[in-house]
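Novice: One structure coming up, written as structure tokens, with questions to follow.
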Amino acid sequence: MCGINGIIGIQNVVIAKEKIIAMNNRMSHRGPDDEGIFVDENIALGHRRLSIIDLSSAGHQPMQSFDGRYQIIYNGELYNYKELKFELQRVVAGSNQQAYIFQTNTDTEVIIAAFARWGIDCVKRFNGMFAFAIWDNQNKELFIARDRLGIKPLYYLYVNEIFAFSSEIRSLLASNLISRKLDQNSLVDYLRYQTVHAPNTIVKGIKMLMPGHFISMKNNELRIKKYWDINSFIKPADAKASYNEICKNVNELLTKSVERRLIADVPFGAFLSGGIDSSAIVGLMSKVSTEKIKTFNISFDESEFSEAKYATLIAKKFNTDHHEIRLTPQDFLNDLPSALKAMDHPSGDGPNSYVVSKATKRAGITMALSGLGGDELFGGYDVFKRNLDLNKKAWLNGIPKIARSFGGEVLTTIKPSIASEKIAELLRKNKINFQSFYPITRQVLMDKQILNIINRNQLTKNRVAEIIEESHISHLTSHKSPLPRFLLICKMFCSEIQTK
């Protein structure tokens, strides 16, 4: 990962430079290989680099276009940059377009060339994970974009006609443009779901750019627009396709996806839990790579929590260079302060990712693939099965609400537990369906517990319930089977909260 920072609106160049340096320094961990700043009238850009493609100094950022008009800072990886570069080097017959003269082999320069050629529509051509900002020195306009599913983070603030953005919240705080105040509503969000849902953050006044959105700013006018929607991307499945044809298509798509992600000039590996998702990734990596794959797994002394034996089976099957990271409860506690310190956006899964990433880096691996997102795409969580079971219990809606509520109270009295509390809460709803079921089943703490923790009389609206309700539109309910509806809405929901 790299890190990007920017400020627009500070007229004093000296002050702007001081602030962008402070922001860069605050996230030096994101880019140990290089750093750079660009400061001009009304604009300051900063970058920390972790080299993945073209490790030479030619990849230094901020990067200037060959004609000097644009400056870019970029965090991410563009998987189709070679195809785009080939297109941008060609002169289109009968058009006034000129071939871009490339100075480097980086995907960074491909983005700036694409913007010079296609303007803001360039993002529609990108296949990758990214957050980038481009300053147009001629039009005095700033353009910022975040990838379709929000894999790369981008935070921003707008106060007193000064706009600042960064890959991390802590860098925005280092600018001293905003006070450090906890957003109480976001705290409730975190206690409910172990994350804070976009566009909000844990800090009051700092927002997150939504996935598939861009920002443009000119003359102090801030414009935020959505450029990609999963609904327009999803195409109805071919009803005539056989099971074998579907399997073949999925295999081809996954293979191509993995192959694209192995484009790097640094050592790479994979997180291997032993589950179907990460095992499939490792298998495909072994298929398309000419090098022996390095795999990493966290194991525990408690056998009921450890997946080491499954990871070992997969490692042997694909002849990987396997590393088992033995983790005791004390080891985890020792690493917890560092893991929490490293997390910028609160996440319940953050400490786990920190531990395995730390061990992977120690082994000399700069880039690693994982099966993250596989359960959401292919229905791997138990919640998907429970939703299907719920459809078989539609008869519960025929029971008067008062009777259902009483049954829930009895259950929590006889068998007190979080599971019983969730069932009781569901039975108290006016209607038992997906919209009421999903927000409850995903909660970590129930609202009654949260009220006791934060000592408040009332909580804010459930953000997950709002997202699900907003997503549950007519064309999503046209599927005859409930599973496709459920998977699509959950994928939309995940795209609302992704951050890394």
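Novice: Filtering the stretch 40-85 down to residues that are over 14 Å from Phe132 (Cβ atoms) and among the aromatic types (Phe, Trp, Tyr), which residue is modelled with the highest pLDDT?
Specialist: Filtering the stretch 40-85 for residues that are over 14 Å from Phe132 (Cβ atoms) and among the aromatic types (Phe, Trp, Tyr), the one modelled with the highest pLDDT comes out as Tyr79.
Novice: Another question, if that's okay. Given the options Gly371, Gly364, name the one that is of a type outside the set (A, V, I, L, M), in contact (Cβ under 8 Å) with a residue 60 or more places away in the chain and crowded, with 17+ Cβ neighbours inside 10 Å. Give the steps one after another, and end with the answer.
Specialist: Details: Gly364 fails: crowded, with 17+ Cβ neighbours inside 10 Å.
Of the residues listed, the single one that is of a type outside the set (A, V, I, L, M), in contact (Cβ under 8 Å) with a residue 60 or more places away in the chain and crowded, with 17+ Cβ neighbours inside 10 Å is Gly371.
Novice: If you go through the stretch 445-464 one residue at a time, how many are within 24 Å of the chain's Cα centre (by Cα), surrounded by 14 or more Cβ atoms within 10 Å (Cβ to Cβ) and more than 17 Å from Phe384 (Cα to Cα)?
Specialist: First, the residues of the stretch 445-464 that are within 24 Å of the chain's Cα centre (by Cα): 445, 461-464.
Remaining after also requiring surrounded by 14 or more Cβ atoms within 10 Å (Cβ to Cβ): 445, 462-464.
So of that shortlist, the ones also more than 17 Å from Phe384 (Cα to Cα) come out as 445, 462-463.
Qualifying residue count, the stretch 445-464: 3.
Novice: Here's something else I'd like to know. Tally the residues that are free of Cβ contacts under 8 Å to residues at least 60 places away in the same chain, in contact with a strand residue (DSSP E or B) (Cβ under 6 Å, 6 or more places away or on another chain) and either under 20 Å from Ile468 (Cα atoms) or not charged (D, E, K, R) (or both), restricting the search to the stretch 206-234.
Specialist: Residues in the stretch 206-234 being free of Cβ contacts under 8 Å to residues at least 60 places away in the same chain, in contact with a strand residue (DSSP E or B) (Cβ under 6 Å, 6 or more places away or on another chain) and either under 20 Å from Ile468 (Cα atoms) or not charged (D, E, K, R) (or both): 3 in total.
Novice: From the list Arg125, Arg146, which residue is buried (at least 20 other Cβ atoms within 10 Å of the Cβ), over 24 Å from Lys341 (Cβ atoms) and either touching a Cys at 6+ places or on another chain (Cβ under 9 Å) or touching a residue at least 40 places away in the same chain (Cβ under 8 Å) (or both)?
Specialist: Going through Arg125, Arg146 in turn, just one is buried (at least 20 other Cβ atoms within 10 Å of the Cβ), over 24 Å from Lys341 (Cβ atoms) and either touching a Cys at 6+ places or on another chain (Cβ under 9 Å) or touching a residue at least 40 places away in the same chain (Cβ under 8 Å) (or both): Arg146.
Novice: Provide a single number: the residues in the stretch 239-281 that are out of contact with any Ser or Thr (no Cβ under 9 Å at 6 or more places or on another chain) and aromatic (Phe, Trp, Tyr).
Specialist: Looking only at that region, the number is 1.
Novice: Sticking with this structure for a sec: Output the residues belonging to the stretch 330-367 that are aliphatic (A, V, I, L, M) and outside any loop (DSSP other than H, G, I, E, B).
Specialist: As a first pass, look at the stretch 330-367 and keep what is aliphatic (A, V, I, L, M): 333, 336, 339-340, 342-343, 355-356, 359, 363, 365, 367.
Leu333, Leu336, Ala339, Leu340, Ala342, Val355, Val356, Ala359, Met367, listed by residue number.
Novice: Quick one: which helices (runs of 4 or more DSSP H) sit completely within the stretch 391-450 and have at least 1 residues that are at pLDDT 90 or above, β-branched (Val, Ile, Thr) and over 27 Å from Thr195 (Cβ atoms)?
Specialist: Numbers: elements: 401-414, 418-427, 434-441.
Result: 401-414.
Novice: Assuming Asp33 fulfils every condition listed in (1) over 25 Å from Lys140 (Cβ atoms); (2) touching a residue at least 60 places away in the same chain (Cβ under 8 Å) apart from one, which condition is it?
Specialist: Of the numbered conditions (1) over 25 Å from Lys140 (Cβ atoms); (2) touching a residue at least 60 places away in the same chain (Cβ under 8 Å), the odd one out for Asp33 is (2).
The values are calculated or read from the model by the stated rules, or taken from the named source; none is laboratory data. It should be emphasised that the depicted structure is a prediction, and the values quoted were computed from it without experimental measurement. Every residue, glycine as well, gets a Cβ built from its backbone with ideal geometry; the counts of neighbours run over all protein chains shown.
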